[in-house]
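Note sheet for the following structure.
The values are calculated or read from the model by the stated rules, or taken from the named source; none is laboratory data. Treat the numbers as computed from the prediction; the structure is a model and nothing was measured. Methodologically, a virtual Cβ is constructed for each residue, glycine included, from the backbone with ideal geometry; neighbour enumeration extends over all protein chains shown. Only protein heavy atoms, including side chains, enter the accessible area calculation; ligands, DNA and RNA are left aside. Shrake-Rupley method; radii C 1.70, N 1.55, O 1.52, S 1.80 Å.
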Amino acid sequence: LGDYCRKSGIERLVIGMSGGLDSAVCAAIAARAVGPKNVIGLSLPSRFSSDHSKSDAKATAEALGIEFQVHPIEDIHSATESQLAEALQDGDPVARENIQARLRGMIVMAVANSRGAMTVTTGNKSELAMGYCTLYGDMAGGYAPLGDLYKTEVYEVARAINSEAERFGEAPPITESTLTKPPSAELAPDQTDEDTLPPYKTLDEILEAHIEAGASKAEL
């Protein structure tokens, strides 16, 4: 990421921080790539955002020393749902969920544009391979540092980041809650990734066999 920014003349980075693992790891990577003072973390809570997600995002931003802004999306979320009420009434429920991700993408991009910065996208290889992401939402941005890391590998990177911070006598930027809570997009009540996907350990073994080793459906 640092190499890309230097070669592209990019000095500042913006990240939507959900309080989840991927955005926390991306924020730590961004702070190292361009320096903490050049990174802006945005918390964009909706009615479905848990208290621990909001507090975890803030704790990570404070530990890293990056700028942190909170922009609740409830007002524009409600207004958009009202505007699209007829279209959404009998539609796929995923359409209603994705509104939140797209509103967040709009805000993150607006802040990035206003600061002459680049948005960092936070998706990992497991999510991208399964299409567990939102076009024009959390996929919006210029660079995906975790795009070739499976979710289980992201956990390993997170622990390495914390271990290094501790060696230097610094507070681990990725909270224990972030490392241990069930992954969730938080786009619906009590939602977890495993509502839709297999456990990541199982999923990643399947994806790695298929993508890296070329295993067939029968072999899998």
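With every protein chain left in place, what is the accessible area of residue 80 in Å² (1.4 Å probe, nearest 10)?
40 Å²
Rank 154, 70 by accessible area, highest first, at a 1.4 Å probe radius? Working shown, then result.
Numbers: 154 0, 70 80 Å².
Listed by decreasing accessible area, they come as 70, 154.
Give the shape of the range 1-52 as rounded, prolate or oblate, defined through the alpha-carbon gyration tensor: a ≥ b ≥ c are the square roots of its eigenvalues, a/c under 1.5 means rounded, and otherwise the shape is prolate if a/b is larger than b/c and oblate if not.
Details: a/c = 3.07, a/b = 2.51, b/c = 1.22.
Prolate shape, in that a/c is at least 1.5 and a/b is the bigger ratio.
Would you mind pulling out the separation of the Cα centroids of the range 51-123 and the range 174-198, in Å?
Cα centroid to Cα centroid, the span is 17 Å.
For the range 117-167, just say rounded, prolate or oblate: build the C-alpha gyration tensor, square-root its eigenvalues into a ≥ b ≥ c, call rounded for a/c under 1.5, and beyond that prolate if a/b exceeds b/c, oblate if not. Spell out each step's value before the answer.
Values: a/c = 3.46, a/b = 1.60, b/c = 2.16.
Judged from the Cα gyration tensor, the range 117-167 comes out oblate (a/c at least 1.5, b/c at or above a/b).
Which whole-number percent is the relative contact order of the chain (Cα, under 8 Å, 6+ apart)? Numbers along the way, then the final one.
Working: 347 pairs, mean separation 47.5, N = 220.
Taking the mean separation of contacting Cα pairs over the length of the chain, I get 22 percent.
Given the peptides 27-35, 102-110, arrange them by the average over their residues of other C-beta atoms within 10 Å, most packed first.
Details: 27-35: 22.1, 102-110: 19.4.
Taking the mean over residues of other Cβ atoms within 10 Å, the ranking is 27-35, 102-110.
With a 1.4 Å probe and all protein chains left in place, how much accessible area per residue does the chain have, in Å²? Don't skip to the answer; put the middle values down first.
On the way: 11520 Å² over 220 residues.
Ligands and nucleic acids excluded, the figure is 52 Å² per residue.
Grab the DSSP H runs of the chain that are 4 residues or longer, score each as -39,500 (n - 2.57), total them, divide by all residues and round the 222 nm result to the nearest 500 deg cm²/dmol. Write down the numbers at each step before the final one.
Details: 10 runs with 113 residues, N = 220.
My calculation for the chain gives -15500 deg cm²/dmol from helical runs alone.
Provide, for the range 37-162, the number of lysine pairs with alpha carbons under 22 Å apart, each pair being eight or more places apart or on different chains. Working shown, then result.
Details: 37/54; 37/58; 54/151; 125/151.
So the count of such lysine pairs works out to 4.
Along the principal axes of its C-alpha atoms, what lengths does the range 91-189 span, in descending order and rounded to whole Å?
Principal axes ranked by extent give 50, 33, 25 Å for the Cα atoms.
Using only C-alpha atoms and all pairs of different ones, pull out the Kirkwood radius for the chain in Å with one decimal. If you can, show how the numbers build up before the last one.
On the way: mean 1/r = 0.0554 Å⁻¹.
Hydrodynamic radius (Kirkwood, Cα only) of the chain equals 18.1 Å.
For the range 32-131, what ratio Rg/Rh do Cα atoms give with a Kirkwood hydrodynamic radius?
On the way: Rg = 15.5 Å, Rh = 15.4 Å.
Here the Rg-to-Rh quotient is 1.01.
In terms of solvent-accessible area of protein heavy atoms at a 1.4 angstrom probe, what is the ranking of 46, 8, 177, highest value first?
On the way: 46 10, 8 60, 177 40 Å².
The residues order as 8, 177, 46, largest area first.
Please work out whether the range 154-220 counts as rounded, prolate or oblate from its C-alpha gyration tensor, where a ≥ b ≥ c are the square roots of the eigenvalues and a/c under 1.5 means rounded, while otherwise a/b larger than b/c means prolate and anything else oblate?
Values: a/c = 4.59, a/b = 1.51, b/c = 3.05.
Because a/c hits 1.5 or more and a/b fails to exceed b/c, the range 154-220 counts as oblate.
Determine the gain in length on full extension of the stretch residue 191-residue 136; use 0.36 nm per residue of separation and subtract their C-alpha separation, reporting nm with one decimal. Mind showing how you got there, number by number?
On the way: separation 55, 0.36 × 55 = 19.80 nm, distance 2.10 nm.
That works out to 17.7 nm of additional length.
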